[in-house]
1. Condition check: among the aliphatic types (A, V, I, L, M), closer than 23 Å to A:Leu47 by Cα and out of contact with any Lys or Arg (no Cβ under 7 Å at 6 or more places or on another chain). Does B:Ile62 satisfy that?
2. Would you point out which residue out of B:Asp130, B:Asp68, B:Asp54 is more than 15 Å from B:Leu29 (Cβ to Cβ) and open to solvent by 30 Å² or more (accessible area, probe 1.4 Å)?
3. Please go through the stretch A:90-149 and give me each residue that is among the β-branched types (Val, Ile, Thr) and within 30 Å of A:Asp221 (Cβ to Cβ), ordered by number.
4. Do we have B:Asp90 as at pLDDT 95 or above and either more than 25 Å from B:Val155 (Cβ to Cβ) or touching a strand residue (DSSP E or B) at 6+ places or on another chain (Cβ under 6 Å) (or both) here?
5. Can you find even one residue in the stretch A:132-140 that is open to solvent by 50 Å² or more (accessible area, probe 1.4 Å), within 20 Å of A:Thr63 (Cα to Cα) and of a type in the set (S, T, N, Q)?
6. For residues that are within 24 Å of A:Val209 (Cα to Cα), over 11 Å from the mean Cα position of the chain (by Cα) and assigned to a strand (DSSP E or B), tally how many sit in the stretch A:127-164.
7. Quick one: in the stretch B:71-123, of everything that is assigned to a helix (DSSP H, G or I) and facing chain A (nearest Cβ under 10 Å), which residue is most open to solvent (accessible area, probe 1.4 Å)?
8. B:Pro151 versus (1) open to solvent by less than 70 Å² (accessible area, probe 1.4 Å); (2) more than 14 Å from chain A (Cβ to nearest Cβ): which is the lone unmet condition?
Amino acid sequence: MSTVTALRSRHLLGIAGLEPDEIDLVLDTALAMKEVATRPIKKVPTLRGRTIINLFFEASTRTRMSFELAEKRLSADTLGMTVSGSSVSKGETLADTARTLEAMAPDMIVMRHAASGAPHQLARICRSSIINAGDGMHEHPTQALLDAFTMREHKGRLKGLRVAIVGDLVHSRVLRSNVQLLTKVGAQVVACGPPTLIPPGLDALGVRVTSSMDAAVDGADVVMMLRVQHERMHGLFFPSVREYFRLFGLTPARLARAAPEAIVMHPGPMNRGVEIDSDVADGPWSVILDQVANGVAVRMAVLYLLAGGEERADATVV
Amino acid sequence: MDADRISRSLARIAHEILERNRGVESLALVGIRSRGVPLAARIARELKHLSSTDVPTGALDITLYRDDLMRHAVGPQPVIRRTEIPFSIDDKVILLVDDVLYTGRTIRAALDALIDFGRPRAIQLVALVDRGHRELPIRADYVGRNIPTSPQQSVQVRLLELDGLDEVELQG
C-alpha cells in the first residue's frame, strides 16, 4: 500500500512533479476505481456538483473519451471545447481563453495542447486544478500512469522490471512520461529507435539507448511500441515504411527474444504493419486493450485525488 | 467488551439472524470496510456452524458515497479501498455489517452503494456496538451491545484480524 494519502500538488502537469509514493497512491486508488466498471450501475456520486472542462487543442479520440468517461463515472458535470469552432481559431490567446473559462468557475481543466508547457502556463493563471492530457512533445502523465498500472497488474511489480520502449522516440511525450515514471520506481528502461528518431540526451535520463531492436527486446518483460507520428514529421526521418517495419517492427519472431510471459503494449492508435505486426497486436501477449480499460480507472483516480487538496481561495500558484 | 464478550455477541447475532429469516436461504453478508469485513466473515462462520451452509460474503468501501467528501475542498481525500461483492445481490436479503453505529451517515452511504449493485429483497443492519446519537432515521436490526456515550467520547473497536486483539474500548 502507498505511504501517502494525498498528492502534494493540486495539478497534474507531468510525471516530473510526482514522487514515487504519490505514484503508488494513484495506482492503488485506480485499483479501487477499476471495480466500479464491473458494477451494474457504473457510476458513483463522488464528484457530484464539480465542473470539469475538457480543453482539447489537439485531435484526440481515446484520451478525450477516456477522460470524459472517467468524469461521468464520478458524476462530475463536464463540458468540452475543441479547437475548430472555438474562439481559438478566431485568434484568442491561450491566456485569454483560460481567463474566460476560469470566469465560469470550473473545478478542474483537462487540457491537451500542441505546445510543450501550455498546461503549466494555464496552472499559473487559473485557480482550477489543471490536468495535462498531453502537451506537445513534453509529457502525457496519465498515459504513463495507466501504462504503469497495466504493467503492475500483469507483472505484479514495477521495481526491477525490464521495459523496452521502441519506435518514434523523438516525437513521443508518452516516452518522456514513461521514462520518468519507470526510472522513479526502479524499473530498467531500454529505448530503441532509428538514430534519426532518438532525442539527444536521452541516455542522461538513466535509460539505455540502442538502435538494435534485437538488443532492446532481449530479455524484456515489457515491450512498449510507440506509434510512428507521421503528422509530426516535417522531414525525412527514415527511407520507407517497409524498411522501418523490417528494422523496428514488432513481429512474433522478434518477440521470441523477450522474457517468457512478456507483455506487449501500445498507447494507440496503432499503425499495423508499420511498428507492429497484426499477429502480435492481436496475440495473447498483447495487453493493448487492457491499457484502454485501465486508462479510465487511472483517470478516475487522478480526478478523485486532485478534487481534495488545498482550500481553493488561498491556494498558491505554482 | 473483551474477546469473549465479542464472540458471544456474534454467536447470538447469528442465532437471531437464523430465527428472523427462518434459515440462511437467500441471505448474503456485506461488511463495511474496514472492521465490518472481518465481523461479516466471523458471522458467516457462525452461520456455517449452525446451518452447514456457506453464506456469500462481500466487502464494501463506502468512500465514494460519503456525504462529507466534497463539502470542503480542504485536506487530503480519504484513501479508497476495494469493494468486492462477487455475487448478485438481486432478490437477496443483505446483512450489512459494521462495527460501530453512530450518526448513521456511513450506513446511508452504504445503502446508496448497495442499491447501485442491484435490487436486494431486503437489507438488514448488524452493528457490533450501537453508541447512539443518530443524525438520520436509521436503526440496527441486530446489535452486539448498546453503549451509552457522549458525543465527545470515542468508541474504539479492535479486531484480531486487523489490530492483533479483540476489544471494544470507550475513550474520553
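1. Here the answer is yes, as B:Ile62 does meet what is asked.
2. Selected residue: B:Asp68, the only one of B:Asp130, B:Asp68, B:Asp54 that is more than 15 Å from B:Leu29 (Cβ to Cβ) and open to solvent by 30 Å² or more (accessible area, probe 1.4 Å).
3. A:Ile131, A:Thr142
4. Judged against the criteria, B:Asp90 is a match.
5. Looking for residues that are open to solvent by 50 Å² or more (accessible area, probe 1.4 Å), within 20 Å of A:Thr63 (Cα to Cα) and of a type in the set (S, T, N, Q), one finds none in the stretch A:132-140, hence no.
6. Residues meeting the conditions: 3.
7. Filtering first and then ranking leaves B:Ile115.
8. The single condition B:Pro151 does not satisfy is (1).
The values are calculated or read from the model by the stated rules, or taken from the named source; none is laboratory data. Computed from a predicted structure; not experimentally measured. Using ideal geometry, Cβ is built from the backbone for each residue, glycine included, and neighbour counts are taken over all protein chains shown. These accessible areas exclude ligands, DNA and RNA; they are computed on the full protein's heavy atoms, side chains included. Shrake-Rupley method; radii C 1.70, N 1.55, O 1.52, S 1.80 Å.
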